[in-house]
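A short worksheet on the structure shown next.
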Amino acid sequence: MKKEITHNFLAATASKADNAYLDGEMDSPYVFVKNGYLVVHHKPEGPYPVVIPCPGARLIVNGQECTQPTPVSMQDTVLLEAVNERREGEWSLTISSDGLQAILRISPTVIIHREVAELPAASKLQLAVVEREERLPSLTWNELLQELSRLGINYGVDWEACSRGVTSCTEEEVVIARGIPAEPGKDGWVELLFPYNSKVPVLAEEKETVDFRKRYVFTSVVEGEILAVKHLPGLGRPGTSVKGDVIVSPAPRDFALSAGEGAVLTRDGERVVAARAGRPVAYRSRNLVRVSVLPELVHTGDVDLASGNIAFRGDVVIAGNVEEGMAVEAGGNVRVDGLVSGAKIQATESILIRGNILASVVTAGGTPAFMQEVLPQVHVLATGLREMIMAIYQLLGHPAFKQGDLKGGIGPLLKLLLEGKFRHLPAAAEAFKKQVKTLPSGLAGEGLDEFIQEVERVVVHSPLAIRDIQEVEKLAQRALKWEQAFASPPSVESDVVASNILNSTVMATGDVRVVGSGCYNSRIQAGKKVTVHGVFRGGEIQAGEDVHLGELGSRGGAITKVVAGPRAIVTVKYAFENALVLVGGRVYRFDRKEKDVRLWLDKEGNLRSCGIPA
């Protein structure tokens, strides 16, 4: 801020001082300021009065400026200069980052007028000034109009606010133009008309009578029942910046609803209906929701050489045993009413074995067989095309858009969007093409190459040649179908429940629960909790969460190990020597028999334990 200094003069001489004094003679020297004059009086032989300068005024004696207390005589020429000050104002006009406001920041011009104050007589006189502040606007209408033109601000100008800005004498910010913000659309969603999670319930406690048939009931539907309803997204409304540019509203999130086996999608794509009786399931991957109806396969006898292995996409119920060397694979739940001996059981969801597991491998909640590497890129394409279609419709409906510019088709508008907000789509198309080439022979579905060529034509090579928005809509629908084809269901938290486990390996993404006498020489791996009501003797437990055991280890010192996560609590009713427990990597080895043991990590990461010696 620039400062400008001006001066007001007051002068006094010895003769003026004599004439100005009206109150008679005084013995002591004195000086005072009255009616704009500096009056000095003293005896010829002295002493002289002293004048003390002050800020805002200059004391000049006989042509020399004095900055320290200075004696003055009646023969001196004394000048007083009152110093005025001018601080030039500043202003700036900026556009907010979202383009919706033009903000005028003002700091006014300030002029400080000063006069030397009238002071009573004193032998030592401290000068003083009287100040008056004047504020002036720091910009003119012409300056503001020129800046508006330079910045291209031509929409939503508040001329009343502009007038207030050019006349403002205070330091402030004034919004002198406002655009119209884009209104976001309403996200779409899929409403499921059945329970999403249909997990196997927990078995009864040790003293409770277990009725497997009643305790394990899955959700079921009948043919023709509506399973899911898609609620469409609502388009937003584009806005306008203070420069008159169109602001495209963010595209609302949309979900694609599809039907898997046992279900059909209505023609409008907004409902999934059961095509048969069975258990409904829904898989969600990003913005895809696929609803299916899984059948239930009931095998009334044993799974043996006579029946062969069982592989079924839905739920499997086996009334007998699963014998040595046999395998059962299910895309849903598995229930075995007998025992599993020397066999392999694998299910995408939960497994219930009413009998014992002997020398077998049981896996619940395995990951899909093939993880689609190309899914991220096809998702970018499908989502980007849908959002670009919404943006085109918004721009076509905006009053500032000239329909006459598109007589030859929407190609210019499409190219404009691909060079702006959707410039990532050509790169995604190229990356998708390269990834598809790396897939093993025969894995790519029929028509994929033709789809890639169409994507390249629309978003890479010839966007200007596109005449109708329906071409882009058809391409977006095809992208959505390919995304659905490549999507695989997410891994679920699946449980294993069994009576007893011997010489076996049991793995589950959820909980493992053993409700009989216990486990012997076995390995248990659970993503969540492990509960063994009886003994765990020989082998290893790995659990992501808490572990509850009735008895750990053996009198003979069989190697028995429990590994749990850092937030887990391991509870053991009775533990033998040489049993080993790791919680979050911290080791606790039992060197004596203990009962009612509880192990956990405190806030500092130290292993804590409490127990009673047996």
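Details
- Any hit, segment 294-304, residues being touching a residue at least 60 places away in the same chain (Cβ under 8 Å), more than 24 Å from L235 (Cβ to Cβ) and out of contact with any Asp or Glu (no Cβ under 7 Å at 6 or more places or on another chain): no
- When segment 38-67 is filtered for residues that are closer than 20 Å to E115 by Cα and part of a loop (DSSP other than H, G, I, E, B), the ones remaining, listed by number, are P53, C54, P55, G56, T67.
Here's the yes/no breakdown for (1) over 30 Å from S163 (Cβ atoms); (2) modelled with pLDDT of 90 or more; (3) more than 60 Å from the chain's Cα centre (by Cα):
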{"residue": "L80", "(1), (2), (3)": "yes, no, yes"}
{"residue": "E90", "(1), (2), (3)": "no, yes, no"}
{"residue": "I95", "(1), (2), (3)": "no, yes, no"}
{"residue": "I103", "(1), (2), (3)": "no, yes, no"}
{"residue": "I106", "(1), (2), (3)": "no, yes, no"}
{"residue": "P120", "(1), (2), (3)": "yes, yes, yes"}
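- Flag if N578 is under 16 Å from V506 (Cα atoms), open to solvent by 40 Å² or more (accessible area, probe 1.4 Å) and over 44 Å from the mean Cα position of the chain (by Cα): no
- Residues in segment 332-346 that are within 47 Å of the chain's Cα centre (by Cα) and open to solvent by 20 Å² or more (accessible area, probe 1.4 Å) were compared, and the one that is farthest from S258 (Cα to Cα) is K344.
- Within segment 149-186, the residues that satisfy the criterion of being acidic (D, E) and more than 33 Å from the chain's Cα centre (by Cα) are D158, E160, E171, E172.
- Total residues in segment 36-70, condition aromatic (F, W, Y), modelled with pLDDT of 90 or more and within 19 Å of N84 (Cα to Cα): 0
- Taking the listed residues E473, E493, E483, the one that is acidic (D, E), buried (at least 21 other Cβ atoms within 10 Å of the Cβ) and modelled with pLDDT under 90 is E483, with no other qualifying.
- The set of residues in segment 56-83 that are open to solvent by less than 70 Å² (accessible area, probe 1.4 Å) and in contact with an Asp or Glu (Cβ under 8 Å, 6 or more places away or on another chain) comprises G56, A57, R58, L59, I60, V61, M74, A82.
- Of residues in segment 502-526 being over 18 Å from E551 (Cβ atoms) and in contact with an Asp or Glu (Cβ under 9 Å, 6 or more places away or on another chain), the one surrounded by the fewest Cβ atoms within 10 Å (Cβ to Cβ): Q525
- E90 falls short on exactly one of the conditions (1) farther than 30 Å from C54 by Cβ; (2) open to solvent by 40 Å² or more (accessible area, probe 1.4 Å); (3) of a type outside the set (G, A, S), and that condition is (1).
- So R555, is it assigned to a strand (DSSP E or B) and among the basic types (K, R): no
- Output for segment 103-154, where each listed residue is free of Cβ contacts under 8 Å to residues at least 24 places away in the same chain, part of a strand (DSSP E or B) and either of a type outside the set (A, V, I, L, M) or open to solvent by less than 30 Å² (accessible area, probe 1.4 Å) (or both): R132, E133
- Every residue from segment 527-539 that is open to solvent by less than 40 Å² (accessible area, probe 1.4 Å), touching a residue at least 24 places away in the same chain (Cβ under 8 Å) and not small (G, A, S): H533, F536
- Counting only strands (runs of 3 or more DSSP E) that fall entirely inside segment 337-392 and contain at least 2 residues that are at pLDDT 85 or above and over 20 Å from V515 (Cβ atoms), the qualifying elements are 344-347.
- With respect to the conditions (1) closer than 30 Å to G384 by Cα; (2) free of Cβ contacts under 8 Å to residues at least 40 places away in the same chain, V281 lacks only one, and its number is (2).
The values are calculated or read from the model by the stated rules, or taken from the named source; none is laboratory data. These numbers come from a predicted model, not from an experiment. Positions of Cβ are backbone-derived with ideal geometry, glycine not excepted, and every protein chain shown enters the neighbour counts. Just the protein is used for accessible areas: all its heavy atoms, side chains included, with ligands, DNA and RNA removed. Shrake-Rupley method; radii C 1.70, N 1.55, O 1.52, S 1.80 Å.
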